[in-house]
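To keep things clear, I will list the structure first and then write my remarks on it.
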Amino acid sequence: MDTIADSTTSLDLQADEASPKLRTLKCEPGGICVDTIDAPVPEVRATTEECFRAFDRDNVTHVVIQVTISRQAEIFRQVGYQYDWDWPGPFWEFLGKIAAKGVFDDKTELRELNYIPLGRREFIAYTTSMWTAAVETGKVGGTAQAERPPVKVVEVSFKKAQPGQPLELRWAPARGPIAAKIKECKPNPKYLMCQRTTNRPIRS
């Protein structure tokens, strides 16, 4: 996941046109967007398969949200914001807050790590508070990377947003290829707050 090139093509950007009823971010072209989503985290309902209910979420180190651009636009319309494909960082930060509330009951904070587009989806990786604290402790104490907690990843996907209803997401332990990508992933948080430099996807 250390490859940042955005190869997404032919994405369905249905209802992505600007709406005067939605708030927008104020970001300076060519710079870093320091604006944030100024809205409460909406109610969220998290579900998983019965066989995963006993999964130990307290020791999760990373979360990967897989979501289409059109689904992001749906979610943020419900939050009251116009999704801006050119400046994804603040929106991904807020998606992390939604996932933290649904999966972890706000007991951990998710911090953007990196992302990669794949077909019609974007895979956005986050670190949990436990992993972040372990990394910071290692920097201070000289702890080797091998001594960090074992990488434990969950995947999150969002269902279609329904007006007036809580957002719904599903989580599950990450599949092998996703967990392997996380182990190779290099942090690039500054890039995530920058303006995208690739062409905007067109509708299929």
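Could you go through region 106-121 in sequence order and give the Karplus-derived ³J(HN,Hα) for each residue, using 6.51 cos²θ - 1.76 cosθ + 1.60 with θ = phi - 60°, rounded to whole Hz, and x for Gly and Pro?
Using θ = phi - 60°, the values come out as 6, 8, 9, 10, 9, 10, 4, 10, 5, 8, 8, x, 8, x, 8, 10 Hz.
Using only the Cα atoms of region 45-185, what do you get for the radius of gyration and for Dmax, in Å?
So, for region 45-185, Rg and Dmax equal 15.3, 50 Å respectively.
Sorted from fewest to most neighbouring beta carbons within 10 Å, what does the list VAL135, VAL63, VAL103 look like? Before the final figure, lay out each step's value.
Details: VAL135 16, VAL63 29, VAL103 23.
Exposure proxy ranking, most exposed first: VAL135, VAL103, VAL63.
List the pairs from LYS152/LYS181; LYS160/LYS181; LYS21/LYS101; LYS97/LYS183; LYS21/LYS97 whose alpha-carbon separation is above 19 Å, in the order I gave them. Intermediate values should be presented prior to the final figure.
Working: LYS152/LYS181 12 Å; LYS160/LYS181 27 Å; LYS21/LYS101 26 Å; LYS97/LYS183 23 Å; LYS21/LYS97 23 Å.
Cα-Cα > 19 Å for LYS160/LYS181; LYS21/LYS101; LYS97/LYS183; LYS21/LYS97; rest within.
How large is the translational diffusion coefficient of region 34-73 in µm² per second when you combine the Kirkwood radius over alpha carbon pairs with Stokes-Einstein at 37 °C and 0.692 mPa s? Don't skip to the end; give the middle numbers.
Details: Rh = 13.9 Å.
Value of D from the Cα-based Kirkwood radius: 237 µm²/s.
Arrange CYS27, CYS51 by Cβ neighbour counts within 10 Å, fewest through most, would you?
Values: CYS27 19, CYS51 9.
The order, fewest Cβ neighbours first, is CYS51, CYS27.
Only the coordinates and a few stated rules stand behind these numbers; no lab work does. Only a predicted model underlies this, so the values are computations on that prediction, with no experimental measurement involved. In this analysis, Cβ positions are derived from the backbone assuming ideal geometry, glycine residues included, and neighbour counts consider all displayed protein chains.
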